[in-house]
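The structure appears below as structure tokens.
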Amino acid sequence: MARFTRIEVAQTMERTGLVPLFYHKNISLGKKVLEACYKGGARILEFTSRGDYAYETFGELNKFCESNLPEMIMGVGSVTDAAAASLYMQLGANFIVTPVLREDIALVCNRRKVLWSPGCGSLTEIARAEELGCEIVKLFPGGTYGADFVKAIKGPCPWTKIMPTGGVSTDKENLEAWFDAGVVCVGIGSKLISKKILISKNFKVLEKNVKDTLYLIQQLRS
């Protein structure tokens, strides 16, 4: 079962402002990525469920965090149905992220009191997600909607908490636009954990990237 409550997960998302996104089938490589992100200051990471036997990889990485990186909160993204969500929760997933709004996923996650963040693209979808108990809505694909969309939503719905994913980079201008618009955190994948880093296995660079991005986010917020 989850080691962290959904409130703890939401608070960590908001406090750090950054959710790194990562997938690779190689477990040893995954452990190095987790260690680098952790040393860089990240305390939450979304493992994207994309490859064959991804659940087996996640299970091993989650056990590694429990033993070696005790403050790292691991969750799973790209979850498309309630059965997959239930499987990952059995493996200790602390949060579930979906590309679309699925009410069946909301039900199984709420039953286990696990945070879930659905991908939404309209105010109607966001409102429905909040009615179903969503704390932080995923705006996906973020680059398609942009920061102005967030501003428009926050006007009539200032209580809405949004995490854009897709179209988010570590560049100051990009992050500044999102946080000025009112997002609570951002999800960043290949712009943070690049293929170049994974191929070269230069995890010191990744550690620095995470540290610099977290520092920039805190500066932008202040």
Inside region 31-42, the number of residues satisfying the requirement of being out of contact with any strand residue (DSSP E or B) (no Cβ under 6 Å at 6 or more places or on another chain) and either crowded, with 20+ Cβ neighbours inside 10 Å or within 15 Å of TYR215 (Cα to Cα) (or both) is 6
Reported set for region 181-214 where residues are free of Cβ contacts under 8 Å to residues at least 40 places away in the same chain and assigned to a helix (DSSP H, G or I) is ALA181, LYS195, LYS196, ILE197, ILE199, SER200, VAL205
Scanning region 3-22 residue by residue, those assigned to a loop (DSSP other than H, G, I, E, B) and surrounded by fewer than 20 Cβ atoms within 10 Å (Cβ to Cβ) turn out to be ARG3, THR5
Counting only strands (runs of 3 or more DSSP E) wholly inside region 58-161, the ones holding at least 2 residues that are among the aromatic types (Phe, Trp, Tyr) and out of contact with any Gly (no Cβ under 8 Å at 6 or more places or on another chain) are none
Notebook entry, point to check: Looking at this structure, is GLY30 outside any strand (DSSP E or B) and out of contact with any helix residue (DSSP H, G or I) (no Cβ under 6 Å at 6 or more places or on another chain)?
Noted result: no
Q.
Looking at region 110-122, can you tell me whether even one residue there is within 18 Å of the chain's Cα centre (by Cα), surrounded by 22 or more Cβ atoms within 10 Å (Cβ to Cβ), touching a residue at least 12 places away in the same chain (Cβ under 8 Å) and within 23 Å of LEU220 (Cα to Cα)?
A. no
Within region 132-176, residues within 19 Å of the chain's Cα centre (by Cα) and small (Gly, Ala, Ser) come out as GLY133, GLY142, GLY143, GLY146, ALA147, GLY166, GLY167, SER169
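The numbers here are math on the coordinates, done by the rules we state, and not lab data. Just so it is clear, the structure is predicted and the values come from calculations on it, not from any experiment. Backbone-built Cβ (ideal geometry, glycine too); neighbour counts: all protein chains shown.
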